[in-house]
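One structure below.
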Amino acid sequence: MSDGANSLLIGDADSDSPCIGVCSTLFDEICMGCGRTAQEVCNWVFLSPVEKKIVWERIQSEGTAMRFQTKNEKL
């Protein structure tokens, strides 16, 4: 995913993690910041590139996480 799609809000094209530093997995099964499940967040470093790609595709298609909202939508 070298097109920079991984880091829509933080601008880090080298990051493979969808994390934007707004984790809600202590309280929610799905993180409101990145859209991953608590299990995906905990196991991210152990996932293969293919598994990470599958997660990325799902959270991008859902588009519900803060990561995918425009600045105006967050206000």
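Values in this text are rule-based calculations from the coordinates and carry no lab data. Just so we're clear, the structure is a prediction, and the values are computed from it rather than from any experiment. Please note: Cβ atoms are built from the backbone with ideal geometry, for glycine as well, and neighbour counts cover all protein chains shown.
Any chance segment 33-44 includes a residue that's of a type in the set (A, V, I, L, M) and outside any loop (DSSP other than H, G, I, E, B)?
yes
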* Asked: What tally of residues in segment 12-26 results from selecting those that are under 16 Å from THR64 (Cβ atoms) and either aromatic (Phe, Trp, Tyr) or over 9 Å from the mean Cα position of the chain (by Cα) (or both)?
  -> 4
